[in-house]
Amino acid sequence: LAPHAKGTVSLTGIFTDAAHGALVIRATAAIIPAPNRRLTQAQAQVSTNVLGGDVVLVATVNDQTANIDTPPSATLRFRISVRNNGAAELRNLTVRAVFDATSVGERSILDFNAIADPANGVAVGQQQSPDVRRGTVTWTSREVPELAALKPGDQQMLAFTLPIRSTDALPNFPANARAKFSVTVDVAATGTTEKPRAIRTTPLEIRVRK
């Protein structure tokens, strides 16, 4: 930094799914001219109210919340948990499971024709690029009546299975095929507040090893 010049450092971050209510964020700017020596230049704090934290959203694949490796032809087990950790009723929820998966000839490595979903969510496919196809499964109160209103402390579970195609069923099955799985919950209203908002999970990667 040149003499008398100024510089800017920008930091960004996100709250975890479990964060909720009033929170205080503190920041300190300091110069460390030598080991074990810190010169504080400025301090600041701000209070904020985390609106999304009353919705605790957890998504797993094969009971894991981390990336997994799996072979072709495997049947994947998915579970989605939506819990109301707040003090007000959550109304008119929409849950979406999104899969961005490797495709061959506009056919996903995931076999949505063989999905086993007791709640009968609405599945839609869309080609995103020549080698990636997106599959979306959506549940609303039409498929799951409990999503119309989730009372404080209540939890709604969705569970389904989805197989990976075999190498015989999908010719030219890629050697490094993969799928990214994420979930979004749209909340239309919280208590008497009609303010739509969305809560999303961090994507999980499913790596298919031949």
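Restricting to the range 74-122, count the residues that are of a type in the set (Ser, Thr, Tyr), under 26 Å from LYS210 (Cα atoms) and surrounded by 15 or more Cβ atoms within 10 Å (Cβ to Cβ). Spell out how you get there, then give the answer.
Keep residues of the range 74-122 that are of a type in the set (Ser, Thr, Tyr), which gives 75, 81, 94, 102-103, 108.
Applying the additional criterion that residues be under 26 Å from LYS210 (Cα atoms) yields 75, 102-103, 108.
Adding the requirement that they be surrounded by 15 or more Cβ atoms within 10 Å (Cβ to Cβ) leaves 102-103, 108.
Looking only at that region, the number is 3.
Can you find a residue in the range 148-156 that is open to solvent by less than 20 Å² (accessible area, probe 1.4 Å) and either touching a His at 6+ places or on another chain (Cβ under 9 Å) or modelled with pLDDT of 95 or more (or both)? Yes - at least one qualifying residue is present in the range 148-156. Flag: ALA18 matches the condition of being open to solvent by less than 90 Å² (accessible area, probe 1.4 Å), at pLDDT below 95 and not in a strand (DSSP E or B).
Quick one: count up the residues across the range 189-210 that are open to solvent by less than 50 Å² (accessible area, probe 1.4 Å) and under 11 Å from the mean Cα position of the chain (by Cα). So that I can check it myself, show each step before the final result.
Here is the first cut: in the range 189-210, the ones open to solvent by less than 50 Å² (accessible area, probe 1.4 Å) are 189-191, 197-199, 201, 204-206, 208.
Checking which are under 11 Å from the mean Cα position of the chain (by Cα) leaves us with 198-199, 201, 204.
Qualifying residue count for the region: 4.
Filtering the range 170-188 to residues that are in a loop (DSSP other than H, G, I, E, B), of a type in the set (A, V, I, L, M) and either surrounded by 15 or more Cβ atoms within 10 Å (Cβ to Cβ) or without any contact (Cβ under 8 Å) to a residue 24 or more places away in the chain (or both) leaves LEU170, ALA177.
Residue count for the range 116-164 under the criterion of being more than 27 Å from GLY86 (Cβ to Cβ) and basic (Lys, Arg): the result is 2.
Only one of these is more than 17 Å from ALA116 (Cβ to Cβ), among the polar types (S, T, N, Q), open to solvent by 30 Å² or more (accessible area, probe 1.4 Å) and touching a residue at least 40 places away in the same chain (Cβ under 8 Å): THR140, THR167, THR161. Name it. Outline the logic, then answer.
Numbers: THR140 fails: open to solvent by 30 Å² or more (accessible area, probe 1.4 Å); THR161 fails: more than 17 Å from ALA116 (Cβ to Cβ).
Just a single option satisfies the conditions, and that option is THR167.
Checked against (1) modelled with pLDDT under 80; (2) in contact with a strand residue (DSSP E or B) (Cβ under 7 Å, 6 or more places away or on another chain); (3) over 30 Å from VAL185 (Cβ atoms), VAL9 meets all criteria but (2).
The values are calculated or read from the model by the stated rules, or taken from the named source; none is laboratory data. Since the structure is predicted, the reported quantities are computational estimates derived from the model, not experimental observations. Note: ideal-geometry Cβ built from the backbone for every residue, glycine included; neighbour counts use all protein chains shown. Just the protein is used for accessible areas: all its heavy atoms, side chains included, with ligands, DNA and RNA removed. Shrake-Rupley method; radii C 1.70, N 1.55, O 1.52, S 1.80 Å.
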